[in-house]
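S.K.: Starting off with a structure, shown below.
The values are calculated or read from the model by the stated rules, or taken from the named source; none is laboratory data. The structure displayed is predicted, hence computed values, not measured ones. We place every Cβ from the backbone using ideal geometry, glycine too, and count neighbours over all the protein chains shown.
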């Protein structure tokens with residue numbers, strides 16, 4: 001038995017923290033996929049600057065889409081209370097943290113989001129099965 005307060009004792013639902021983490025991952029992933037889709041549409045129909053930005057770095061676009069899909073998958077499995085969701089989330093947050101540790105140029109925002117994401121996953125780890 002844990003000493004943590006269960007905010008959903010009657011319904012049997014996962015805790016509020018777990019539901020918020022799941023919702024955050026799903027919403028972030030879907031928003032990221034939408035932004036990537038708009039960017040790709042603009043690259044094919046828009047100005048030369050946007051086209052050049054996307055086509056000069058196609059691997060970056062692919063990686064961003066993969067990370068966004070990872071967010072959606074992590075949120076889906078976290079909603080089910082599965083540790084697989086926790087593992088996926090940590091893997092999704094590793095690239096900015098690894099780049100910072102290796103000394104590569106990394107955006108501070110990405111580093112902060114990655115660190116906070118890992119802390120959130122660690123805080124709900126006991127609830128995952």
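S.K.: If I filter the range 46-62 down to residues being without any contact (Cβ under 8 Å) to a residue 12 or more places away in the chain and surrounded by 12 or more Cβ atoms within 10 Å (Cβ to Cβ), which single residue comes out as farthest from the chain's Cα centre (by Cα)? Spell out the reasoning first.
M.R.: Going through the range 46-62, the residues without any contact (Cβ under 8 Å) to a residue 12 or more places away in the chain turn out to be 46-53, 56-60, 62.
Add one more test, that the residue is surrounded by 12 or more Cβ atoms within 10 Å (Cβ to Cβ), and what stays is 46, 50-51, 53, 57.
Details: 46: 28, 50: 25, 51: 26, 53: 23, 57: 21 Å.
The qualifying residue farthest from the chain's Cα centre (by Cα) is 46.
S.K.: Let me ask another. Is it true that residue 43 is surrounded by fewer than 16 Cβ atoms within 10 Å (Cβ to Cβ) and more than 30 Å from residue 129 (Cβ to Cβ)?
M.R.: Working: surrounded by fewer than 16 Cβ atoms within 10 Å (Cβ to Cβ): no; more than 30 Å from residue 129 (Cβ to Cβ): yes.
Here the answer is no, as residue 43 does not meet what is asked.
S.K.: I'd like the residue in the range 72-99 that is surrounded by fewer than 16 Cβ atoms within 10 Å (Cβ to Cβ) and under 11 Å from the mean Cα position of the chain (by Cα) and, out of all such residues, is modelled with the lowest pLDDT.
M.R.: Top of the filtered list is 94.
S.K.: I've got another one for you. Could you check how many residues of the range 106-124 are without any contact (Cβ under 8 Å) to a residue 40 or more places away in the chain, touching a helix residue (DSSP H, G or I) at 6+ places or on another chain (Cβ under 8 Å) and surrounded by fewer than 20 Cβ atoms within 10 Å (Cβ to Cβ)?
M.R.: Step one: filter the range 106-124 for residues without any contact (Cβ under 8 Å) to a residue 40 or more places away in the chain, giving 106-119, 122.
Subset that is touching a helix residue (DSSP H, G or I) at 6+ places or on another chain (Cβ under 8 Å): 106-107, 110-111, 113-115, 117-118.
Subsequent filtering for residues that are surrounded by fewer than 20 Cβ atoms within 10 Å (Cβ to Cβ) retains 106-107, 110-111, 113, 115, 118.
So the answer is 7.
S.K.: Here's another thing I want to ask about it. In the range 8-33, what residues are more than 14 Å from the chain's Cα centre (by Cα) and either within 25 Å of residue 90 (Cα to Cα) or at pLDDT 90 or above (or both)?
M.R.: Hits for the range 8-33 are 13, 14, 15, 16, 17, 18, 19.
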